[in-house]
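Below: one structure, written as structure tokens.
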Amino acid sequence: MPLIAIIYAAFISLGLPDGVLGAAWPQMAPSLHAPLAGAGALALITSANTIVASFSSGWILKRLSTVGVSISSVALTVTGLLGCALAPNFWALALWCIPLGLGAGAIDSALNAYVSLHFSALHMNFLHACWGLGAMTGPLIAGFFLNFTGQWRPTYATIAAAQTCLMLLLIVTRGSWPRKSQLPESDIPPAEVPTHEQPIDLGAGHDTPHASTLAGNLAADPSSTRSTPNPSGAQPTSAPAHTGAQPAPAASSTPWYQIPLVWPTLIGFFCYCCAEGTIGLWASTFLAQYHHLTPALAAAAGSAFYIGITVGRFLAGLASLKFTNSQLLRLGATGLMAGILLALLAPIPLLAVAGFALCGLGCAPIYPAVIKETGRRLGVANVQRATGLQMGFAYVGFMLAPPATGVALTAISPLALPTVVCALAAVMVGCHEYIERQLR
């Protein structure tokens, strides 16, 4: 089996657990005697441990091979999933979210780094589309078991079995992986020194709490093997000397918080990630409470958001041949707000489900468009640290916004979800338009 196919399978598997908690939570909460807002706390625990794993990935990858980190990470994920399947109460479930988050963050960082070093940007985009396939399949599995068995635990057990198969595949094929991450000269196109008129193409990132760029930006030596390079899969701008590439511009000495336009960039990206994480976690609960779908139907319908992201990412790649990143961002923001309003105002549940699918389509181009614009907005010399800052703000958004929205949704009204998402989208658009006016 080609190595890239194994990595694709790993990323499909990586995405499987991501949509399950939100999809199954309307059924899980009463069975565990947990508050309906408890899913936010579980998401926070998982995200916090993903951050720990991502920050540590550079240190770990210096000591273990990529396949070694991947096998260890999948073992942690299997442990967490089995623990969740058997958890007798909410607090036990929270405990098992720790290895679940650690495992997801570590393999995400390791495989992003490997693909970025050894494969083209095309493969990197397909890689993250594979994550979307997994993320939209997880809720469908949950909906299947809820519909036919009325139980949520088989969902976690089934995904744990899939992860076990992946772990065995990685073990059997570990000889196919090189011992050290070296840049094949045949895979590196001649490099050019980028300028402000020629921004670095950073491509699409992993838009879940499991992004890996932040850890990679901790690397100090641009010629060393980075633990997690830029999220696009494009070849690093600072290639090893044997490739004949010219060095990238030296990093700016300006403190990061004084870089022109850095704050609207970070705030806008933070708001987007808050909106995406909130919809992903609470769409099924909103459909169950506001549109009165059964937990089984709400779980399956919750996958519509991830289906929209996955399909939208392929469409955005084609659309990028005709539209600029700024235009794609505006189109995405329009789709996001139109989708959440449709989910709110739909006279029948089916249209509400379509609204969340439209939200996903809208979200799809926003993350890569913002990342691709980093060089043009903040200067090529600031790309590395600015990308790391954006990932840091993304993690904070994914970690804090869903729990906060969940409290409002369950304690006040389901209308909190569309209200929060519309407000976040409006701030994001405002930041973008302000930046564009300053760049004219």
| field | Neighbours by Cβ (under 7 Å, 6+ apart or cross-chain): first from the range 421-440, free of Cβ contacts under 8 Å to residues at least 40 places away in the same chain; second in a helix (DSSP H, G or I) and among the acidic types (Asp, Glu) | value | none
| Matching residues in the range 327-349 - criterion: being surrounded by fewer than 17 Cβ atoms within 10 Å (Cβ to Cβ) and assigned to a helix (DSSP H, G or I) | Gln327, Thr334, Ala338, Leu341, Leu345
| request: Taking Ala245 as meeting all but one of (1) part of a loop (DSSP other than H, G, I, E, B); (2) modelled with pLDDT of 90 or more; (3) crowded, with 20+ Cβ neighbours inside 10 Å, write down the number of the exception. | output: (2)
| query | Pairs, please: C-beta under 7 Å, at least 6 apart or cross-chain, first residue within 17 Å of Leu287 (Cβ to Cβ) and among the aliphatic types (A, V, I, L, M) and in the range 137-150, second assigned to a helix (DSSP H, G or I) and open to solvent by 30 Å² or more (accessible area, probe 1.4 Å)? | reply | Leu140/Ala300; Leu146/Gln27; Leu146/Pro295
| message | Given the options Pro414, Pro368, name the one that is part of a helix (DSSP H, G or I) and not hydrophobic (A, V, I, L, M, F, W, C). | response | Pro368
| Residues of the range 16-48 being part of a helix (DSSP H, G or I) and open to solvent by 30 Å² or more (accessible area, probe 1.4 Å), which ones? | Asp18, Gln27, Pro30, Ser31, Ala41, Leu44, Ile45, Ala48
| request: Starting from residues that are modelled with pLDDT under 75 and surrounded by fewer than 20 Cβ atoms within 10 Å (Cβ to Cβ), keep the ones in the range 49-58 and report whichever is farthest from Leu400 (Cα to Cα). | output: Ser56
| said: For the structure I just gave you, tell me whether Ser320 is farther than 29 Å from Ala416 by Cβ and open to solvent by less than 70 Å² (accessible area, probe 1.4 Å). | reply: yes
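Out of all the residues in the range 41-60, which are within 16 Å of Cys84 (Cβ to Cβ) and not β-branched (Val, Ile, Thr)? Steps first, please.
In the first step, residues of the range 41-60 are kept if they are within 16 Å of Cys84 (Cβ to Cβ); the result is 41-47, 49-50.
Correct list: Ala41, Leu42, Ala43, Leu44, Ser47, Asn49.
Suppose the filter is touching a Gly at 6+ places or on another chain (Cβ under 8 Å), under 29 Å from Ser413 (Cβ atoms) and either part of a helix (DSSP H, G or I) or free of Cβ contacts under 8 Å to residues at least 24 places away in the same chain (or both); does Ala53 pass it? Break it down into steps so the answer makes sense when it comes.
On the way: touching a Gly at 6+ places or on another chain (Cβ under 8 Å): yes; under 29 Å from Ser413 (Cβ atoms): no; either part of a helix (DSSP H, G or I) or free of Cβ contacts under 8 Å to residues at least 24 places away in the same chain (or both): yes.
No; evaluated as a whole, the condition is false for this residue.
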| said: Need pairs with beta-carbon distance below 9 Å; first residue under 12 Å from Asp108 (Cβ atoms) and within the range 59-83, second modelled with pLDDT of 95 or more and of a type in the set (Phe, Trp, Tyr); sequence gap 6+ or separate chains. | reply: none
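Determine, yes or no, whether Thr324 is among the hydroxyl-bearing types (Ser, Thr, Tyr) and more than 17 Å from Val370 (Cα to Cα). If you could, list the steps in order and put the result at the bottom.
Working: among the hydroxyl-bearing types (Ser, Thr, Tyr): yes; more than 17 Å from Val370 (Cα to Cα): no.
No; evaluated as a whole, the condition is false for this residue.
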| Any residue at all in the range 424-434 that is under 28 Å from Phe286 (Cα atoms), more than 22 Å from the chain's Cα centre (by Cα), in a helix (DSSP H, G or I) and not acidic (Asp, Glu)? | yes
| field | Conditions (1) closer than 19 Å to Ile371 by Cβ; (2) open to solvent by less than 40 Å² (accessible area, probe 1.4 Å); number of the one not met by Tyr434 | value | (2)
| Residue in the range 306-316 that is nearest to the chain's Cα centre (by Cα), counting only those that are surrounded by fewer than 19 Cβ atoms within 10 Å (Cβ to Cβ) and closer than 13 Å to Pro368 by Cα | Phe314
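The values are calculated or read from the model by the stated rules, or taken from the named source; none is laboratory data. Owing to the predicted nature of the structure, the values given are computational and were not obtained by experimental measurement. Heads up, the Cβs are rebuilt from the backbone with ideal geometry, glycines too, and the neighbour counts pull from every protein chain shown. Just so you know, the surface numbers come from the protein's heavy atoms only, side chains and all, with ligands and any DNA or RNA stripped out. Shrake-Rupley method; radii C 1.70, N 1.55, O 1.52, S 1.80 Å.
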